[in-house]
Amino acid sequence: MRLLVLTSHADSLNSIRPEAEIFISMQELGVDVTVMTQADGVYNDQLRNAGVRLVNFVPEKKFDRHAVRYVRNYVVDHDIDVVYAFNNPSIITCNRALRGLKHVSLVTYRGQTGNLSRWDPTCYLTHLNPRVDMILGVSNAVRDSIREAHPSPAKAETVYKGHNLAWYNDAALDLNTLGIPADAFVVGCVANNRPRKGVRVLVDATNYLPKQANIHFILVGGGMDAPDLQQQIAASPF
C-alpha cells in the first residue's frame, strides 16, 4: 500500500514525534510511506533514515489551485492508494485534488472536540466533505464529537498518538531555577494558547483558590506571552 501524508512538522519535537513515529512504524510494517512536509521538519532525519520518502511541500492556503494540481499530479504519478491529511489547508486541498479518483481513499486527522457541525456549511470543506472516507480522532472524546456532528457517524474512529516513556528520561528541571520553592504545589499546563485550550480558564480559576496557598503555576507553550493573557496573569493572586 502506498500512503501519502500531508502534515506540518514545523512545531516542537514533543508535538511532532508521536505522529512521526506512527509513520516510521507503518514503513517498518511494509507500507510505502511518503510525507509531504517542510524541508526543515524537526523529525525529517529520523523519517528519512527509516526509509520514509519526504517531499518538500505544504499547502499553506485553504484555496490554492497550484497546491491542488501539485497534490493530484503526485497522487496519480506515484499511484498512491491512501492520502492522510492533518490540517485544514491540506484537507481542503485533498478534497479538491482527489475528485474523480475513486480508487484513492482520503483520511483526515482531528485533534480536538467541537467546532464541527452538520449545519455549518464551512465544515463540508473539510471533515464533513463526502470525499473524506475516514476521520481519525486522537481520542474517544474527539471521535464521539465527530460522530455527533457527522451525517455518516461510522466514518469516525480513534487512533491515539502513542508516547514512549524513554523519550522523557531527561533529568527533571530544578524548579528553584524558576523561583519555585521546593515545598510548593506545582501545576503545569502544556498547550498552545488558543481559545479551545482553556489556558485563560485555568488562569481565571486561580482567583478562586486560597490566596495564602503555596501553589505555583507553570505555563508552557506557544502564545503564552500574548498581551491579553499576560494582563490576566498579572491580575492573578498567584
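The values are calculated or read from the model by the stated rules, or taken from the named source; none is laboratory data. Bear in mind the structure is a predicted one, so any value in this text is a computation, not a measurement. Reconstructed Cβ throughout: ideal geometry from the backbone, glycine too, with neighbour counts over all protein chains shown.
List of remarks:
- Here the strands (runs of 3 or more DSSP E) wholly within the stretch 1-93 that include at least 2 residues being closer than 17 Å to residue 126 by Cα are 2-6, 82-85.
- Subset of the stretch 110-122 (residues that are surrounded by fewer than 16 Cβ atoms within 10 Å (Cβ to Cβ), more than 20 Å from residue 94 (Cβ to Cβ) and under 16 Å from the mean Cα position of the chain (by Cα)): 114
- Residue match in the stretch 201-208 (condition: loosely packed, with under 12 Cβ neighbours inside 10 Å, modelled with pLDDT of 90 or more, more than 19 Å from residue 236 (Cα to Cα) and in the same structural domain as residue 226 (by TED's automatic domain parsing)): no
- The sole residue among 98, 136, 125 that is in contact with a Leu (Cβ under 8 Å, 6 or more places away or on another chain) and surrounded by 15 or more Cβ atoms within 10 Å (Cβ to Cβ) is 98.
- Residue among 33, 55 that alone is more than 16 Å from residue 92 (Cα to Cα) and in contact with a Gly (Cβ under 9 Å, 6 or more places away or on another chain): 33
- One residue from 87, 140 being under 24 Å from residue 10 (Cβ atoms) and either of a type in the set (Phe, Trp, Tyr) or assigned by TED's automatic domain parsing to the domain that holds residue 60 (or both): 87
- The set of residues in the stretch 34-52 being in contact with an Asp or Glu (Cβ under 8 Å, 6 or more places away or on another chain) and more than 14 Å from residue 22 (Cα to Cα) consists of 42 alone.
- If the condition is being closer than 21 Å to residue 102 by Cα and either in contact with a helix residue (DSSP H, G or I) (Cβ under 6 Å, 6 or more places away or on another chain) or among the aliphatic types (A, V, I, L, M) (or both), then the stretch 118-156 contributes 125, 126, 128, 129, 131, 132, 134, 135, 136, 153, 154, 156.
- Candidates in the stretch 21-45 are the residues that are touching a helix residue (DSSP H, G or I) at 6+ places or on another chain (Cβ under 7 Å) and aliphatic (A, V, I, L, M); of these, the one that is surrounded by the most Cβ atoms within 10 Å (Cβ to Cβ) is 33.
- Flag if residue 155 is surrounded by 10 or more Cβ atoms within 10 Å (Cβ to Cβ), touching a residue at least 60 places away in the same chain (Cβ under 8 Å) and basic (Lys, Arg): no
- Pairs meeting the criteria (first residue in the stretch 131-147 and closer than 8 Å to residue 113 by Cα, second residue surrounded by 19 or more Cβ atoms within 10 Å (Cβ to Cβ) and of a type in the set (Phe, Trp, Tyr), beta carbons under 8 Å, at least 6 apart or on different chains) are lacking.
- Boolean, residue 118 is farther than 25 Å from residue 78 by Cβ and part of a loop (DSSP other than H, G, I, E, B): yes
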